[in-house]
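Reading through the structure tokens given below for one structure.
All of the numbers you see were taken from the coordinates with simple rules; none came from a lab. Just so we're clear, the structure is a prediction, and the values are computed from it rather than from any experiment. Note: ideal-geometry Cβ built from the backbone for every residue, glycine included; neighbour counts use all protein chains shown.
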Amino acid sequence: MCKWRSTPKSVYKLLSKSDLRWDMVDVFLGDERCVDPNSELSNSLMLKNSLFTNFGSKAFFYEIFNDLNADDEATKNQFISKLFEKCGSNPPTFDLTLLGLGDDGHTASLFPYQKNNNIDDFVIFNEGKGLKRISLTPKVLSASSKIVFLVSGASKRIALERLLDEKEPPDRTPSKLIKSINQISIFCDQESAKEL
């Protein structure tokens, strides 16, 4: 499962050149903006132009908005159905979940002070940064066998500090909703980790 736009694009391009067993790889987005899949705002388009080039083109990719005429409930139900088909567990469990961290502390489309963030469901619709979005919930994101946050840039320093603060409330920093029985790894650059 993949998430984020700015930090990982170069990582995705590099990964796509690795001669892995891509035919054994299933990729789901952790969230997507409710836009046309060919829009520059689409996470799907970013993945198609980075991860799914070269060897990566052999992977299975579930494109959330492949039917622009479907209503929200149909889109959500199709997403959940495909998660169960590919993951086969309840909640659906990924081998690896890659997450980004927004400068406001959000991850996926779990934004500060959104009432839907911790709903007992698998997929939600949320508003964030002026756009309607669909997102996996903390219930699904936390069920992953391995969770990795990638954090880069000075603008993420405060958000990273809050993520690591045991007393930080998750309503202000929704990335704190991601819990795991396994270790969560955080890879960050010097700019984001400065003064930590």
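Just one of (1) farther than 25 Å from S180 by Cα; (2) in contact (Cβ under 8 Å) with a residue 24 or more places away in the chain; (3) more than 13 Å from the chain's Cα centre (by Cα) trips up L14, so point out which.
(2)
Check off (1) under 24 Å from T137 (Cβ atoms); (2) touching a residue at least 40 places away in the same chain (Cβ under 8 Å); (3) surrounded by fewer than 17 Cβ atoms within 10 Å (Cβ to Cβ) for E85 and give me the number that stays unchecked.
(2)
Can you report the number of residues in the stretch 29-83 which are more than 19 Å from P8 (Cα to Cα), touching a helix residue (DSSP H, G or I) at 6+ places or on another chain (Cβ under 8 Å) and among the hydroxyl-bearing types (S, T, Y)?
Result for the stretch 29-83: 0.
Of the numbered conditions (1) over 15 Å from the mean Cα position of the chain (by Cα); (2) within 24 Å of L150 (Cβ to Cβ), E32 fails exactly one; give the number of that condition.
Failing condition for E32: (1).
For the stretch 88-106, give me each residue that is buried (at least 17 other Cβ atoms within 10 Å of the Cβ) and either touching an Asp or Glu at 6+ places or on another chain (Cβ under 6 Å) or not β-branched (V, I, T) (or both).
Answer for the stretch 88-106, where residues must be buried (at least 17 other Cβ atoms within 10 Å of the Cβ) and either touching an Asp or Glu at 6+ places or on another chain (Cβ under 6 Å) or not β-branched (V, I, T) (or both): P91, P92, F94, L98, L99, G100, L101, G102, D104, G105, H106.
Residue-wise test of (1) touching a His at 6+ places or on another chain (Cβ under 9 Å); (2) on the phi > 0 side of the Ramachandran plot; (3) of a type outside the set (S, T, N, Q).
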{"residue": "D95", "(1), (2), (3)": "no, no, yes"}
{"residue": "L98", "(1), (2), (3)": "no, no, yes"}
{"residue": "H106", "(1), (2), (3)": "no, no, yes"}
{"residue": "K115", "(1), (2), (3)": "no, no, yes"}
{"residue": "G130", "(1), (2), (3)": "no, yes, yes"}
{"residue": "S135", "(1), (2), (3)": "no, no, no"}
{"residue": "I147", "(1), (2), (3)": "no, no, yes"}
{"residue": "S155", "(1), (2), (3)": "no, no, no"}
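Condition first: in contact (Cβ under 8 Å) with a residue 12 or more places away in the chain, within 18 Å of L141 (Cα to Cα), outside any helix (DSSP H, G or I) and not aliphatic (A, V, I, L, M). Can you find one or more residues in the stretch 17-29 that meet it?
yes
Of the residues V11, V27, V35, only one is in contact with a Phe, Trp or Tyr (Cβ under 7 Å, 6 or more places away or on another chain) and of a type in the set (A, V, I, L, M); which?
Selected residue: V27, the only one of V11, V27, V35 that is in contact with a Phe, Trp or Tyr (Cβ under 7 Å, 6 or more places away or on another chain) and of a type in the set (A, V, I, L, M).
What tally of residues in the stretch 113-132 results from selecting those that are crowded, with 18+ Cβ neighbours inside 10 Å and not aromatic (F, W, Y)?
6
Take residues that are farther than 20 Å from F28 by Cα and among the basic types (K, R) and tell me which of the helices (runs of 4 or more DSSP H) falling wholly in the stretch 77-196 contain 2 or more.
In the stretch 77-196, the matching helices (runs of 4 or more DSSP H) lie at 157-164.
Any idea how many residues of the stretch 38-62 are of a type outside the set (A, V, I, L, M, F, W, C), crowded, with 17+ Cβ neighbours inside 10 Å and either touching a residue at least 60 places away in the same chain (Cβ under 8 Å) or part of a loop (DSSP other than H, G, I, E, B) (or both)?
2
For N90, are the conditions met, namely being touching a helix residue (DSSP H, G or I) at 6+ places or on another chain (Cβ under 9 Å) and within 18 Å of I124 (Cβ to Cβ)?
Taking the combined requirement at face value, the residue satisfies it.
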